[in-house]
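The values are calculated or read from the model by the stated rules, or taken from the named source; none is laboratory data. Remember, predicted model here, so these are calculated numbers, not experimental data. Don't worry about glycine lacking a Cβ; one is built from the backbone with ideal geometry, like all the others, and counts go over all protein chains shown.
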Amino acid sequence: MKTVFEKTEWFRKAEYGFFFHFLNSGSALHPPENRSQRIPAPPDEWNRMVDSFDADAIAKQLHELHAGYAFLTVGQNSGYYCAPNATYDRIMGLSGPHSKCSRRDLIRDFADALANYDIPLLAYTTTLAPGYDFDAVRKLKSIPPWNCNSNCGNYQEVKQFAGTDPRLREFQTMWNAIHAEWMSRWGKKVRGWWVDGCYFADKMYHFPDEPNGKSFADALRTGNPDAIIAFNPGVVYPPRAVDPNQDYLAGEINEPEYGLLNGPLIDGMQYHVLTFVGQYWGKGPLRGDGKTLAAMTRNITDNGGVVSWDLPFSPKGIDEELFSVLKEFAREYARSRKVFPKTDVKILSPRWNAEGKAVPGRVELRSASPAEIKLEWNNSILTNSGKQEAAIELPPANAKECRLKLTCGGFSREIPVHIGREFLFSKTPSAPMELKTADGSRLLGRYRCAVDNGKFLVDAEIFEEKPEIRALPWECSCLEVFLSDGGTEKQQLCIRHDGVVFQVKNGVAEECSSVKIVPGGRNAESFRFRAEIPLSLIEGCREEPHAFSFDFQQSVMECGRVLRGVFCGSGGGNISEFATALVP
C-alpha cells in the first residue's frame with residue numbers, strides 16, 4: 001500500500017491547477033417568503049446546460065495554462081448532477097426525463113478531453129445530501145437531529161425532516177452507494193475527490209464501525225484505490241485535516257497570501273490551498289494580475305504545497321479577458337522557475353515585548369540552488385549573500401504587519417509578516433486599545449482588558465449607531481474574540497451586539513452560556529459592555545495561565561455595509577497571528 005506521500009506525489013509535482021463550479025443555479029429567485037436559493041432549471045434545461053459544456057475547448061485552454069490538474073463539481077445543493085446515476089434515481093423515485101442526473105456523463109467526457117493533454121481530473125462532492133432539494137433530504141434521510149446549519153443554510157426549513165440517528169447511518173449507506181456507482185464507472189479517470197461540508201466529522205465519521213469516514217473514503221476509491229481525497233472543514237487558518245482517511249488538506253481559504261505553511265506534509269496530509277482567482281467563488285474581478293497570481297502561487301508551492309485556483313467561466317470556456325491574464329500567470333510562473341530557484345521560506349515573526357522593547361524575528365531560506373536573493377523589509381535591503389541556506393534577522397516594524405519582499409532574477413514574491421505584541425494584564429483594566437478599519441479612517445472599538453480569577457475581562461466600547469443582527473454572527477454586528485494557548489488551535493467566540501455569545505468550531509456556531517455579558521449603557525455614538533470569558537475555554541489553559549494569545553475582530557454595520565477591523569492579525573476573514581497576554 002502506498003503512503004500518503006507516495007499517493008500525492010503526482011499532485012505535489014503538478015503544483016497548481018484550476019477549479020470549476022459547474023452547478024444548476026437556475027435563473028429565477030424564490031419569492032422573499034421562501035428561501036433565497038435560486039430555483040434550479042428543470043431537467044430538460046439542465047440537460048441542455050450539461051450538453052453545452054465544451055469539454056474539448058476548456059481542456060485545450062487548460063493545456064495552454066500548463067494546468068497540472070482540474071476539478072469539476074458533480075453537484076452541490078440543487079439536487080442536480082452532471083452525470084447519470086441509477087442508484088440516485090432509484091432512491092429519488094425519478095427516471096427518464098424526470099431524472100435530476102444528466103443524460104450526458106460530463107465527468108467522463110471532461111476526463112477524456114483532459115487526458116488528451118495528460119491533465120488529471122478530480123471531482124467535487126458534498127458530505128450531506130443537496131440541502132435545497134426537499135425531496136432529496138427527505139428520501140436520503142440526511143437531516144440529523146443536531147443543528148447542521150453550517151451544511152444547510154436553510155436549516156430552519158429542512159429541520160422538519162430531521163431523523164433520530166445522530167450518525168445518519170441510513171443516509172451514509174445510501175450516499176456511499178451513490179458514489180460507489182459513479183466510481184465504478186469512472187475508475188482511474190477520476191484521480192481524486194474534494195468533499196465539501198465536512199464540519200461534523202466527529203459526529204458522522206469518527207467511529208470504528210461502518211458507515212464511517214473509512215467506508216465513505218472506500219466508496220470514493222471504488223475502481224481507483226489511489227484516488228486522493230480531501231475532507232473540507234470550511235475556511236480555517238491554518239488549513240488542517242479532519243479525518244485520517246483523507247490524503248491532502250482541503251485548504252479552503254479566502255486569502256492565499258496567508259496560506260504559507262511548512263510542507264509538503266501537514267499533520268501527515270499533503271499541503272494544499274483552494275481559493276478563488278477573483279473576488280469570490282466563480283466571480284470577478286480578479287484579485288491581481290498574472291505576476292501577482294504567480295507570486296502567490298510560488299509562496300505556497302515553494303514550501304511543498306499545491307494551489308487550486310477557482311475560475312469564473314461559461315460552458316463554452318474561460319472568457320478571453322480572464323484567459324489573457326491567466327496566460328500571463330502561466331508565463332510568469334514558468335519564467336520564475338528559471339530565474340528564481342525553488343526556495344523554502346520559514347518565518348519567525350518579530351515582536352514588541354510588554355516593555356515596548358524590540359524582539360527580532362528571523363527568516364530562514366533554503367534554496368534548491370545557489371542564487372542571490374534580495375530581501376526588502378521595513379525600508380531596509382537585506383541579502384542571503386548567494387547562499388543556499390541563510391538565516392536573516394527581521395527587526396519589528398511599527399505596524400501590525402510588514403511585507404517581506406524576495407527578489408531574484410527580476411521576479412519578486414511578497415509575504416505578509418505579522419508583528420507580534422505582548423501585553424501585561426493584571427486585575428486592573430489596561431490602558432485603552434483602539435481598533436480602526438484597515439485604512440485607519442474609522443474607529444470601530446476601544447477595549448480595556450484584565451485577567452482576574454481565571455477570567456479574561458474585556459471592557460468594550462463599540463462605535464456603532466444601529467447594530468444589525470443575523471443568524472450567523474460573523475455576518476453582522478459582532479465582536480469576535482480568538483483565544484489560544486499559543487498553539488495552532490484557536491478558540492473562536494462571537495459576541496453579537498444583542499449580547500448573545502456563540503462558540504464556533506469548524507464553522508458551526510452554538511450558543512455559549514459560559515461567557516457572561518454585562519451591559520454598560522449607550523450614548524449617541526457608541527455602546528459598552530463587559531465580556532467575562534473563562535480562560536478554561538482554552539484547551540491549554542485549564543489552570544491559571546502564565547500567558548495566552550488573543551485577538552479581536554470587530555464588525556459594525558454602517559449604511560447597510562459591514563465595516564471590519566482586526567486588532568492584531570491580517571483581517572479579510574483570517575486571523576493569522578495573535579497578541580500575547582502575560583499574566584503576572
Only one of Glu461, Glu465 is in the same structural domain as Arg561 (by TED's automatic domain parsing), touching a residue at least 24 places away in the same chain (Cβ under 8 Å), outside any loop (DSSP other than H, G, I, E, B) and of a type in the set (Asp, Glu), namely Glu461
Only unsatisfied item for Phe578, checking (1) within 24 Å of the chain's Cα centre (by Cα); (2) modelled with pLDDT of 85 or more; (3) more than 27 Å from Trp146 (Cβ to Cβ), is (2)
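It is to be established whether one or more residues within the stretch 468-488 are β-branched (Val, Ile, Thr), in a strand (DSSP E or B), crowded, with 20+ Cβ neighbours inside 10 Å and assigned by TED's automatic domain parsing to the domain that holds Ser536. Walk me through it before giving the result.
Start the filter on the stretch 468-488 by keeping residues that are β-branched (Val, Ile, Thr), which leaves 469, 481, 488.
With the extra rule that they be in a strand (DSSP E or B), the set shrinks to 481.
Restricting the remaining residues to those that are crowded, with 20+ Cβ neighbours inside 10 Å gives 481.
Adding the requirement that they be assigned by TED's automatic domain parsing to the domain that holds Ser536 leaves 481.
For the stretch 468-488, residues β-branched (Val, Ile, Thr), in a strand (DSSP E or B), crowded, with 20+ Cβ neighbours inside 10 Å and assigned by TED's automatic domain parsing to the domain that holds Ser536: present.
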Read through the list (1) among the acidic types (Asp, Glu); (2) at pLDDT below 95; (3) in contact with an Asp or Glu (Cβ under 7 Å, 6 or more places away or on another chain), then give the number of the only condition that Asp344 fails.
(2)
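So which residues in the stretch 425-436 are touching a residue at least 40 places away in the same chain (Cβ under 8 Å) and crowded, with 16+ Cβ neighbours inside 10 Å, if there are any at all? Before you say what the answer is, go through the steps one by one.
Just the residues of the stretch 425-436 that are touching a residue at least 40 places away in the same chain (Cβ under 8 Å), to begin with: 425-426, 433, 435-436.
Listed by number, the residues that qualify are Phe425, Met433, Leu435, Lys436.
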Select from the stretch 328-354 the residues that are in a helix (DSSP H, G or I) and in contact (Cβ under 8 Å) with a residue 24 or more places away in the chain and list them in ascending order.
Glu328, Phe329, Ala330, Arg331, Glu332, Tyr333, Ala334, Arg335, Ser336, Lys338, Val339
How about the stretch 87-109: which of its residues are outside any loop (DSSP other than H, G, I, E, B) and out of contact with any Ser or Thr (no Cβ under 9 Å at 6 or more places or on another chain)?
Thr87, Arg90, Ile91, Gly96, Pro97, His98, Cys101, Leu106, Ile107, Arg108, Asp109
Hey, any hits in the stretch 116-127 for a residue that's modelled with pLDDT of 95 or more and part of a helix (DSSP H, G or I)?
no
Checking Gln172 against (1) over 28 Å from the mean Cα position of the chain (by Cα); (2) of a type in the set (S, T, N, Q); (3) at pLDDT 95 or above, which test does it fail?
(1)
In this structure, is Tyr88 over 27 Å from the mean Cα position of the chain (by Cα), among the aromatic types (Phe, Trp, Tyr), modelled with pLDDT of 95 or more and crowded, with 19+ Cβ neighbours inside 10 Å?
yes
On the given criteria, is Arg48 basic (Lys, Arg), assigned by TED's automatic domain parsing to the domain that holds Thr275, over 25 Å from Gly305 (Cβ atoms) and at pLDDT 95 or above?
yes
For Ala368, which of the numbered conditions (1) surrounded by fewer than 18 Cβ atoms within 10 Å (Cβ to Cβ); (2) among the hydrophobic types (A, V, I, L, M, F, W, C); (3) under 20 Å from Gly251 (Cβ atoms) fails to hold?
(3)
Would you call Gly540 modelled with pLDDT under 90, outside the structural domain of Asp196 (by TED's automatic domain parsing) and either among the charged types (D, E, K, R) or at positive phi (or both)?
no
For the stretch 438-458, the count of residues that are of a type outside the set (D, E, K, R) and crowded, with 16+ Cβ neighbours inside 10 Å equals 10
For the stretch 358-367, check the following and say yes or no: at least one residue is of a type in the set (Ser, Thr, Tyr), outside the structural domain of Phe567 (by TED's automatic domain parsing) and modelled with pLDDT of 95 or more.
yes
Could you check how many residues of the stretch 379-402 are touching an Asp or Glu at 6+ places or on another chain (Cβ under 9 Å), farther than 13 Å from Thr343 by Cα and free of Cβ contacts under 8 Å to residues at least 24 places away in the same chain?
3
Go through the stretch 147-169 residue by residue and tally those that are crowded, with 20+ Cβ neighbours inside 10 Å and at pLDDT 95 or above.
1
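For the stretch 245-268, give me each residue that is within 16 Å of the chain's Cα centre (by Cα) and in contact (Cβ under 8 Å) with a residue 60 or more places away in the chain.
Applying the first criterion (within 16 Å of the chain's Cα centre (by Cα)) to the stretch 245-268 yields 248-261, 266.
Tyr248, Ile253, Asn254, Glu255, Glu257, Tyr258, Leu260 - these are the residues of the stretch 245-268 that are within 16 Å of the chain's Cα centre (by Cα) and in contact (Cβ under 8 Å) with a residue 60 or more places away in the chain.
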Of the residues in the stretch 305-322 that are in contact with a Pro (Cβ under 9 Å, 6 or more places away or on another chain) and either surrounded by 18 or more Cβ atoms within 10 Å (Cβ to Cβ) or aliphatic (A, V, I, L, M) (or both), the one that is nearest to His63 (Cα to Cα) is Ile318
Can Arg104 be described as in contact with an Asp or Glu (Cβ under 8 Å, 6 or more places away or on another chain) and either at pLDDT below 95 or hydrophobic (A, V, I, L, M, F, W, C) (or both)?
no
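Looking at Pro360, is it closer than 15 Å to Val417 by Cβ and of a type outside the set (A, V, I, L, M)? Talk me through it step by step, then tell me what you get.
Values: closer than 15 Å to Val417 by Cβ: yes; of a type outside the set (A, V, I, L, M): yes.
The answer is yes for Pro360.
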